[in-house]
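The values are calculated or read from the model by the stated rules, or taken from the named source; none is laboratory data. Please read these numbers as outputs of a predicted model, since none were measured by experiment. As a convention, Cβ positions derive from the backbone with ideal geometry for all residues, glycine included, and neighbour counts pool all protein chains shown. These area figures cover heavy atoms from the full protein model, side chains too; ligands, DNA and RNA do not enter into them. Shrake-Rupley method; radii C 1.70, N 1.55, O 1.52, S 1.80 Å.
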Amino acid sequence: EVKLSLKDSAGSLLDERTTTFHLGICLGEITAFSAVPAYFDVGDTINTSLSFRNSGTEVISGTAVIQVQNEQGGVVEDFRHGIPDLEPEGSVRFDDGWETWGLEEGTWAIIGYVLYDSMATDPRTALVSTSLPEERVYLPAICKPFR
């Protein structure tokens, strides 16, 4: 608690305020984020996992968000989890299953982040797709010397 007093040059009290504040660091970080499988058939379930740690000195409350976005950036699924009163050095993990029934083939970005104390963690992104990447086959080069 801090008490502030404003006095004029003669020492007369002009104004006075008392306020309470708290010293500490409010800081959180995503320690792991995944979406598997990376390549899937329509109808499969994509399993997502987000782990968050309170790396500060203050208790954190907030919301963990995992969003699935289509190729145009539109949100097609949104998972939200409350984080109530996470102690310093405490960790939480959230697992969700995204059902892909009825989707068209394509690629989706799965983004995870945590909102807390008017801040947000850096987002983590995993891409999942119905298409396997093109596999390239490299054949050995055989050189014959000229005679």
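I'd like to verify a number: residues in region 64-77 that are farther than 15 Å from ARG124 by Cα and within 13 Å of the chain's Cα centre (by Cα), how many?
0
Mind listing whichever residues of region 20-51 are over 27 Å from THR130 (Cβ atoms) and in contact with an Asp or Glu (Cβ under 7 Å, 6 or more places away or on another chain)?
Selection gives THR20, GLY24, ILE25, CYS26.
Please work out which residue is farthest from the chain's Cα centre (by Cα), limiting yourself to region 87-105 and to residues that are open to solvent by less than 60 Å² (accessible area, probe 1.4 Å) and free of Cβ contacts under 8 Å to residues at least 40 places away in the same chain.
Here the answer is PRO88.
Considering only residues that are open to solvent by 100 Å² or more (accessible area, probe 1.4 Å), over 24 Å from VAL59 (Cβ atoms) and not aliphatic (A, V, I, L, M), which ones fall in region 1-39?
Answer for region 1-39, where residues must be open to solvent by 100 Å² or more (accessible area, probe 1.4 Å), over 24 Å from VAL59 (Cβ atoms) and not aliphatic (A, V, I, L, M): LYS3, LYS7, SER9, ARG17, TYR39.
Could you please find all residues in region 115-124 being under 15 Å from GLU58 (Cβ atoms) and hydrophobic (A, V, I, L, M, F, W, C)?
Result: MET119, single match.
Looking only at region 51-77, filter to residues that are more than 20 Å from GLY28 (Cβ to Cβ) and in contact with a strand residue (DSSP E or B) (Cβ under 9 Å, 6 or more places away or on another chain); which one of those is surrounded by the fewest Cβ atoms within 10 Å (Cβ to Cβ)? Break it down into steps so the answer makes sense when it comes.
Going residue by residue through region 51-77, those that are more than 20 Å from GLY28 (Cβ to Cβ) are 68-77.
Filter once more, keeping what is in contact with a strand residue (DSSP E or B) (Cβ under 9 Å, 6 or more places away or on another chain): 68-71, 73, 75-77.
Numbers: VAL68: 22, GLN69: 16, ASN70: 15, GLU71: 11, GLY73: 7, VAL75: 10, VAL76: 12, GLU77: 17.
Checking each candidate, the answer is GLY73.
Looking at region 108-147, which of its residues are modelled with pLDDT of 90 or more, assigned to a loop (DSSP other than H, G, I, E, B) and polar (S, T, N, Q)?
Residues satisfying the conditions are SER118, THR121, THR130.
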